[in-house]
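No value in this document is a laboratory result; all are computed from the given coordinates. All values reported here derive from a predicted model rather than from experimental measurement.
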Amino acid sequence: MLKRLKSKYTLIVLALILVAWLSVHFYPCTQQSETVAVFGGLVFVKNPPCCKEGKLAWWRANKENLMNKYHLIPDKGFFNVPVMNFGDGWEKQPHDNFIARVAEDDYVCDEARKDEKPCIKKETAFSIAGDLTNKVFIDVGDEEYIETPDGKTILVPDE
């Protein structure tokens, strides 16, 4: 009887650990991403997708806006679009502080924004570069994908 009870508790604990692990790893990928700012050729996204599937889906869902609304992607020719994490949002540009490991270069500022907080900390989530008429490279961190003009996406093999 005691042995059966012990194994039930073990199964319950293992199930709880599995649920916790799945929540930590997959919940951030299901949050709704929102494009907050676009300037200087950079796209700032609140809650950027964290998994490769989410990043590829974000690209497919936002390709038209990047072309037509923000004019970051030409019909022909090369483009490079870094997708940045909006993080803590708009901030004052800090002064260099080597002790706190803060540098002005860690921030990008929108000169058109006449505000006390015109800067955003640089944190690249992923990047997209290429030519729509040839190949588009989607760098999702530890992997890179190629999208062909017919819409097929393939993983670039490691060398």
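At a glance:
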{"read-out": "Placed amide H near Val102: partners under 5 Å, 5+ positions off or other chain", "value": "Asn97"}
{"read-out": "Angle in degrees between helix 2-30 and the longest Cα principal axis of the chain, rounded to the nearest 10", "value": "10 degrees"}
{"read-out": "Fully extended contour minus Cα-Cα distance, from Met67 to Val13, at 0.36 nm per residue", "value": "14.5 nm"}
{"read-out": "Nearest-ten-degree value, helix 52-64 long axis tilted from longest Cα axis of the chain", "value": "30 degrees"}
{"read-out": "Mean separation of Cα contacts under 8 Å (6+ apart) over length of the chain, as relative contact order %", "value": "16 percent"}
{"read-out": "Estimated [θ] at 222 nm from DSSP helical runs (n ≥ 4, -39500 (n - 2.57)) normalised by residues in the chain, nearest 500", "value": "-9000 deg cm²/dmol"}
{"read-out": "Rg [Å, one decimal], Dmax [Å, integer] - the chain, C-alpha atoms", "value": "21.0, 73"}
